[in-house]
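Reviewing the structure listed below.
The values are calculated or read from the model by the stated rules, or taken from the named source; none is laboratory data. Predicted, not measured: the structure shown is a model, and the values here were computed from it. Cβ placement follows ideal geometry from the backbone for every residue including glycine, while neighbour counts extend to all protein chains displayed.
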Amino acid sequence: MTKRILSGIQPTGNLHLGNYLGAIKNWVALQNDYECLFCVVDLHAITVPQDPIHLIQSTRETVATYLACGISADDASIFPQSMVAEHSELMWILACHTPLGWLNRMTQFKEKAGKQKDQASMGLYAYPVLMAADILLYQATDVPVGEDQKQHLELARDIAGAFNRHYKKDLLTIPEPRIMGAATRVMSLRDGSSKMSKSDVSDASRIHLKDSDDEIIQKIKKARTDSGSFPSDSKELDGRLEVQNLLNIYLALSGVDVQTVYAEFGGRNFSDFKNHLADVCVENIGPIREKIHRLMDEQQYLDSIIQKGTAKAKVLAQDTMRDVKKTVGLCNF
């Protein structure tokens, strides 16, 4: 069986360091060993209101960011989810095989809808089924996920298993999670208990991949730590969430061994470590930022990448839907 990766990010504003370290940087490492499909999940984005013009622009910018971070359009298929209609088609079929009880257990709907769940859209409630369709449509064997996405992947596995058992055939591949890296879940620079997020009110809570060098340096300098000194070993990290987060970011960007970091900075003021961390962030993010800007000036090139990726994705999607329709008993001639 072909080893295949499927993953994607919503085009809802500037991508940040958490998107890079938690997802895209890991995709770059996987693209030589797997057949990879990296989509821009614009259908997921419209579960909440979007400005249409901004959404299209953000979709192109997300494609540009994938490329700027090192995803190769020659090795991977890069495309907007909405340009492959089979995503929505398979989602409906799978929804008809998904018990409401499974969706009621999804914690992210409760978090996003909050006290206004009666006013939330059906799309927001059912989008885990669309996420399952995204994965199963391409018979993905592996899915890179952060800790907070494991529940959705488990649902995809449950849905695939239920579908296969119902029709007594192994049609849909049951994917395996891949959790990678030192910073699979990058936290806010202002609150170590909250994930770095585009929706956080404070811009100081995150580092955008388009931030200037000065903005990056200032955000790192102002990042919350505590009154203690830099830890000398893992025992001194207990309960120090913000410190753990900054250390994880440093490890992920620098590639330095954690024991080396403890030996160099243990017992020292946090300002010394932050200066080094800021330098590492600028060194990694600066080239990405500049390439994003260059690519956004080449709309025709970006659109050609999208068209190429969409065409490759459609071949796989249509193969799966042909088998699914035949299995379910839907006309397909």
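For the reader, a short list of remarks on this structure follows.
- Filter pass, Asp74 being at pLDDT below 95 and among the charged types (D, E, K, R): yes
- Residues that are more than 13 Å from the chain's Cα centre (by Cα), surrounded by fewer than 21 Cβ atoms within 10 Å (Cβ to Cβ) and free of Cβ contacts under 8 Å to residues at least 40 places away in the same chain, drawn from segment 121-152: Met122, Tyr125, Ala126
- Condition broken by Asp279, with the remaining ones in (1) surrounded by fewer than 19 Cβ atoms within 10 Å (Cβ to Cβ); (2) in contact (Cβ under 8 Å) with a residue 24 or more places away in the chain satisfied: (2)
- Selection within segment 108-144 - at pLDDT below 80 and within 30 Å of Cys36 (Cα to Cα): Gln108, Phe109, Lys112
- Test result for Gly181, modelled with pLDDT under 95, surrounded by 16 or more Cβ atoms within 10 Å (Cβ to Cβ), more than 17 Å from the chain's Cα centre (by Cα) and of a type in the set (Gly, Ala, Ser): no
- Across segment 25-43, the qualifying residues are those that are assigned to a helix (DSSP H, G or I) and modelled with pLDDT of 95 or more, and the one among them that is nearest to Leu253 (Cα to Cα) is Asp42.
- Matching helices (runs of 4 or more DSSP H) fully within segment 119-231 where at least 2 residues are under 30 Å from Lys312 (Cα atoms): 122-137, 150-167
- Met91 meets the conditions (1) surrounded by 13 or more Cβ atoms within 10 Å (Cβ to Cβ); (2) in a loop (DSSP other than H, G, I, E, B); (3) at pLDDT 90 or above in every case but one. The failed one is (2).
- Applying the criterion of being closer than 20 Å to Gln57 by Cα and among the hydroxyl-bearing types (Ser, Thr, Tyr) to the residues of segment 8-44, the residue that is surrounded by the most Cβ atoms within 10 Å (Cβ to Cβ) is Tyr20.
- Within segment 198-224, the set of residues being hydroxyl-bearing (Ser, Thr, Tyr) and either modelled with pLDDT under 90 or within 20 Å of Val282 (Cα to Cα) (or both) comprises Ser199, Ser205, Ser212.
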